[in-house]
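Participant: Pasting in a structure now, in structure tokens, and then I'll have a few things to ask.
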Amino acid sequence: MTSPCSELQFAPVEFHGRDKFIAMVDAAVGAGDTHAVMSALRSALCKLIRDPDVHLPDCVHEPIVDHYARRELYRSAEHGYSVVAMTWGPGQGTPLHDHSGLWCVEGVWHGDLEITQYELLEQVGERTRFRAAGGMHAGPGSAGSLIPPHEYHTIRNSSADAVAVSLHIYQAPMGCCAKFAHHEGEWYACETAQLATDKAA
């Protein structure tokens, strides 16, 4: 499967334990149907976060002042998935958004994140009505999955002084998504947003 948007540019990134990381993710992606893959990936990601042999590159611990950082670490030529590390400075977060119909497994590598899921109720033209469907605080070593059409959510680092790092395994490179700006009540305005990646080194 490919993303409906133009693909992101990618340059391979080396990090300690990379081969072990890729082998575990490859095995999980081959686990069967979507739900089996999600379960296997969540388990693999939780193990990798705690594995002393796997160290993400130093850059993923460096926040960017004016936006949360998105650094693509790996893209599988065989299976098509993409691995993106996100770095969240204090107070940084996303608007309500989707994943362009792609499944994703997300794990917290460092710090704590606040995740809120939303239920899509109806669409009228460019306006969409959502209702918050539950939230959670995710700490280091935790992992969750998003399977379309249940993919609408926000992520935020609610800490006033700590940096958080999360790792996201997407079904395919995601070059854009739909973002939803709050209008009034439960109504949001939709726009397509291109997703840039920050340099990983």
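Participant: Output the residue which, of all residues in region 69-80 that are out of contact with any strand residue (DSSP E or B) (no Cβ under 6 Å at 6 or more places or on another chain) and not polar (S, T, N, Q), is surrounded by the fewest Cβ atoms within 10 Å (Cβ to Cβ).
Facilitator: Result: Ala77.
Participant: While we're on this one: Would you point out which residue out of Asp112, Asp98 is farther than 10 Å from Thr154 by Cβ, under 12 Å from the mean Cα position of the chain (by Cα) and in contact (Cβ under 8 Å) with a residue 12 or more places away in the chain?
Facilitator: Just one listed residue meets the conditions, Asp98.
Participant: Here's something else I'd like to know. Kindly indicate whether Asp98 is of a type outside the set (Gly, Ala, Ser) and at pLDDT below 95.
Facilitator: Considered against the rule, which asks whether it is of a type outside the set (Gly, Ala, Ser) and at pLDDT below 95, Asp98 comes out as no.
Participant: A further question on this structure: So if I check each of Glu151, Glu184, Glu191, which one is acidic (Asp, Glu) and within 29 Å of Gly30 (Cβ to Cβ)?
Facilitator: So the residue among Glu151, Glu184, Glu191 that is acidic (Asp, Glu) and within 29 Å of Gly30 (Cβ to Cβ) is Glu151.
Participant: Further, regarding this structure: If we keep just the residues of region 11-22 that are under 20 Å from the mean Cα position of the chain (by Cα), part of a helix (DSSP H, G or I) and of a type outside the set (Phe, Trp, Tyr), which is surrounded by the most Cβ atoms within 10 Å (Cβ to Cβ)?
Facilitator: Within region 11-22, the match that is surrounded by the most Cβ atoms within 10 Å (Cβ to Cβ) is Arg18.
Participant: Given the residues Ser158, Ser142, which is the only one that is out of contact with any Ser or Thr (no Cβ under 9 Å at 6 or more places or on another chain), surrounded by 17 or more Cβ atoms within 10 Å (Cβ to Cβ) and farther than 17 Å from Arg70 by Cβ?
Facilitator: Within the list Ser158, Ser142, the selection yields Ser142.
Residue-by-condition table, conditions (1) surrounded by fewer than 20 Cβ atoms within 10 Å (Cβ to Cβ); (2) more than 18 Å from the chain's Cα centre (by Cα); (3) under 20 Å from Ala200 (Cβ atoms):
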site: Val25; (1), (2), (3): no, no, yes
site: Ser39; (1), (2), (3): yes, no, no
site: Val54; (1), (2), (3): yes, yes, yes
site: Asp58; (1), (2), (3): yes, yes, yes
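Participant: How many residues are more than 22 Å from Val13 (Cβ to Cβ) and among the aliphatic types (A, V, I, L, M) if we restrict to region 82-112?
Facilitator: So the answer is 1.
Participant: Right, here's the next one. Looking only at region 146-179, count how many residues are of a type in the set (Gly, Ala, Ser), under 20 Å from Leu195 (Cβ atoms) and modelled with pLDDT of 95 or more.
Facilitator: 4
The values are calculated or read from the model by the stated rules, or taken from the named source; none is laboratory data. Everything numeric here is computed off the predicted structure, so don't read it as measured data. Backbone-built Cβ (ideal geometry, glycine too); neighbour counts: all protein chains shown.
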